[in-house]
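Student: First the structure, which I've put down as structure tokens, then a few questions once you've had a look.
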Amino acid sequence: MLPTLWMALSAPALAQDLDFGTLPTLEAGQVPSLFITPQRPVELLRVSCEVGGRTHEWEESDLPAGGKRTYAWSRDPSVTHADCTVKVRFADGATDWITLPLDYSYGGGLHIDLSRASVDLAAKTLRVDVTAPVVRAEVTAYGAGKAELDSRSVGIEGGPGTVEVPWIGEPSDVVLLEVTLHAANAWAGFTYSPWFLDIPHDDVLFETNSATIDPSEAWKLERTLSELQEVLTLYGSMVPVKLYIAGCTDTVGDAGSNRELSKRRARAIATWLRDHGYSHPIFYYGFGESLPAVRTGDGVDEVRNRRALYLVGANPPPAGSGVPSVGWHAL
């Protein structure tokens, strides 16, 4: 959000003699005001402002150069315009006058809440919550190594509440989105990563009903650990890389038992990677037989469904990734 500063007003006739300013957006507790700073001594200054059908008048004399004067009136959110007239007689006898139209707004600026941010890969949209109406978004998409893929300005109508922000570029290429949202008199920015990768790997083979990793299977995880380190090298400086391990089973046995078994196996893989040097955040979940690679009937021994998925990203796998939204367990 922009800092609350007084905004300079254009007044050509007096540009060298008086500086004018106002508050374009009024925060809580602030009142609408006209600021005047004489650039040379003033003998007499008269200010009159028409605001919402009422006239406010001020008169001051013997003002030194460089001292800012404030002329304010009470808050009324139903009124956001004033017409002010300024008449001045300087100490050297010169006189002048000008009419100044003032426009201002009420509100707390623009704030963005990312706590419930969500992304839809199919629709290419990012949903965030904002505290004020938004009219425009500036979106820049970055790829690996923070190479800029594209940058655009897009019109948006929405807020306060949830707004949909489009992103540019193919989801498979975009690692980081840099977004600036603009309201009428404020702006706020954030970054978000829709990026995730499905790490190719050889699945660890477990004994029936076991979540113990046999030493003969360790080479598979060593190869996966090497792949993960390469991912960190490419993307770790751009986004907070997290690893998500999804355990899956075939349809042999009870569905509830399969969910628990897949959870224990996913945790075992996560623990092995942590114990062997992977220090970034790891999350795991047991999907049991609900996320098959190959659809089968009940009670079918299918090796392709006895698997785990290794997904990395800055956020949990988004909608459209093929992995349901779940409450992942942190290791």
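The values are calculated or read from the model by the stated rules, or taken from the named source; none is laboratory data. A quick note: this is a predicted structure, and the numbers were derived from the prediction, not measured. With ideal geometry, Cβ positions are generated from the backbone for all residues, glycine too; neighbour counts draw on all protein chains shown.
Student: Quick one: which of 273, 225, 221 is touching a residue at least 40 places away in the same chain (Cβ under 8 Å), closer than 17 Å to residue 329 by Cα and of a type in the set (A, V, I, L, M, F, W, C)?
Tutor: 273
Student: Would you check which residues across region 264-306 are of a type in the set (Lys, Arg) and modelled with pLDDT of 95 or more and list them?
Tutor: Residues of region 264-306 that are of a type in the set (Lys, Arg), as a first pass: 264-265, 267, 274, 295, 304, 306.
Within region 264-306, 264, 265, 267, 274 meet the criteria.
Student: Quick one: count up the residues across region 209-221 that are in a helix (DSSP H, G or I) and either aliphatic (A, V, I, L, M) or surrounded by 12 or more Cβ atoms within 10 Å (Cβ to Cβ) (or both). Step through it out loud before you land on a result.
Tutor: The first filter runs over region 209-221 and keeps only residues in a helix (DSSP H, G or I), leaving 215-221.
Add one more test, that the residue is either aliphatic (A, V, I, L, M) or surrounded by 12 or more Cβ atoms within 10 Å (Cβ to Cβ) (or both), and what stays is 217-218, 220-221.
Qualifying residue count, region 209-221: 4.
Student: Of the residues that sit in region 7-21 and are assigned to a loop (DSSP other than H, G, I, E, B) and over 18 Å from residue 49 (Cα atoms), which one is modelled with the lowest pLDDT? Steps first, please.
Tutor: Our first condition is that a residue be assigned to a loop (DSSP other than H, G, I, E, B); within region 7-21, this holds for 10-11, 15-17.
Subset that is over 18 Å from residue 49 (Cα atoms): 15-17.
Working: 15: 45, 16: 60, 17: 82.
Ranking the qualifying residues of region 7-21, first place goes to 15.
Student: Another question, if that's okay. Testing residue 188 on (1) exposed (fewer than 15 other Cβ atoms within 10 Å of the Cβ); (2) in contact (Cβ under 8 Å) with a residue 24 or more places away in the chain; (3) small (Gly, Ala, Ser); (4) assigned to a strand (DSSP E or B), one condition comes back false. Which one is that?
Tutor: Checking residue 188 against (1) exposed (fewer than 15 other Cβ atoms within 10 Å of the Cβ); (2) in contact (Cβ under 8 Å) with a residue 24 or more places away in the chain; (3) small (Gly, Ala, Ser); (4) assigned to a strand (DSSP E or B), the one that fails is (1).
Student: Anything in region 308-331 that is within 21 Å of residue 210 (Cβ to Cβ) and surrounded by fewer than 19 Cβ atoms within 10 Å (Cβ to Cβ)? List them, or say none. Walk me through it before giving the result.
Tutor: Taking region 308-331 and keeping what is within 21 Å of residue 210 (Cβ to Cβ), we get 308-310, 329, 331.
Within region 308-331, 329, 331 qualify.
Student: Quickly run through region 234-257 and pick out the residues that are farther than 30 Å from residue 192 by Cβ and crowded, with 23+ Cβ neighbours inside 10 Å. Let's see the steps before the verdict.
Tutor: If we filter region 234-257 for residues that are farther than 30 Å from residue 192 by Cβ, which is where we start, we get 249-257.
Within region 234-257, 249 is the sole residue that qualifies.
Student: Checking residue 148 against (1) more than 30 Å from residue 104 (Cβ to Cβ); (2) under 17 Å from the mean Cα position of the chain (by Cα): exactly one of these is not met. Which one?
Tutor: (2)
Student: Here's something else I'd like to know. Taking into account only those residues within region 95-119 that are surrounded by 14 or more Cβ atoms within 10 Å (Cβ to Cβ) and among the β-branched types (Val, Ile, Thr), which is farthest from residue 189 (Cα to Cα)?
Tutor: 98
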